[in-house]
1. With every protein chain left in place, what is the accessible area per residue of the chain in square angstrom, probe 1.4 Å?
2. Starting at the first residue of region 106-119, write each ³J(HN,Hα) from the Karplus equation 6.51 cos²θ - 1.76 cosθ + 1.60 with θ = phi - 60°, in whole Hz, x for Gly and Pro.
3. Summarise the accessible area of region 109-193 (1.4 Å probe, protein heavy atoms) by the percent that is carbon and sulfur.
4. Could you work out how far helix 2-25 tilts from the main Cα principal axis of the chain, as a 0 to 90 degree angle to the nearest 10?
5. Full-extension gain between W184 and T171, please, as 0.36 nm times their residue separation minus the C-alpha to C-alpha distance.
6. Can you figure out the FRET efficiency of S104 with D43, using R₀ = 30 Å and their beta-carbon distance, to the nearest 0.05?
7. Provide the packing ranking of 89-99, 66-76, i.e. peptides ordered by the mean count of other C-beta atoms within 10 Å per residue, highest first.
8. Among [x] 22.1; [y] 12.3; [z] 19.8, which is the computed mean projected area of the Cα convex hull in nm²?
Amino acid sequence: MKKMLLGLMLSATLLGGTAVTANAATTGTPEDTQGTVSFTGGDLTLDATTAGLDFGTNPISNKTETYANTNETAAVTVTDLRGTGDGWNLSVKQGAQFAIKDKSAQNLEGAVLTLNGAMTSDSENQPTLNSSVALTPGTSSALMGAESGYGLGTSKVVYATSNLEVPNTATKIADTPYETTLTWDLGATPANN
């Protein structure tokens, strides 16, 4: 009796398994579905909050001297999240010669500020950098630019190694800071590299 009961149970298990297998094979054919994602364009922005340069306090000299920037974090960052690949251009203008505040006639005549930059970018198609630009007061100078299809994402230029050359002929007043203003301008048109 036990053998017969065991045989019936085994037969029922095999038939049940066969029935399940037969049902699984007739459930249909595979179907494809799609996954989608969309993006909205962002902005083209400039961050020059750490771009200030400092050439220190130096002894008066009767020689032409070159002074190194002491602000190791001096940098500008361009972020293009528009998603259009339209390109952009970055320029800077030194407003006037280094001068004693509110006394533009007392300036460092002939001094030359040179921006020396090193770029990092997360863009596959990096923008073009003019790595060493000697500024002329009152004149805008091109620094970095992206042609169409370039410069998407974030591009940062560190100007830590910039310098200021002061000729021996410039009059220097002791214990008085000389200043200039740098105006950074980001344009939404492609660079002409």
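1. Accessible area per residue, the chain: 65 Å².
2. 9, 10, 8, 3, x, 5, 10, 8, 10, 8, 10, x, 10, 9
3. Here carbon and sulfur together make up 46 percent of the probe-accessible area.
4. 50 degrees
5. Result: 1.9 nm gained on full extension.
6. Using R0 = 30 Å, I get an efficiency of 0.25.
7. Result, highest mean first: 89-99, 66-76.
8. So the structure-derived entry is [x].
The values are calculated or read from the model by the stated rules, or taken from the named source; none is laboratory data. Just so it is clear, the structure is predicted and the values come from calculations on it, not from any experiment. Don't worry about glycine lacking a Cβ; one is built from the backbone with ideal geometry, like all the others, and counts go over all protein chains shown. These accessible areas exclude ligands, DNA and RNA; they are computed on the full protein's heavy atoms, side chains included. Shrake-Rupley method; radii C 1.70, N 1.55, O 1.52, S 1.80 Å.
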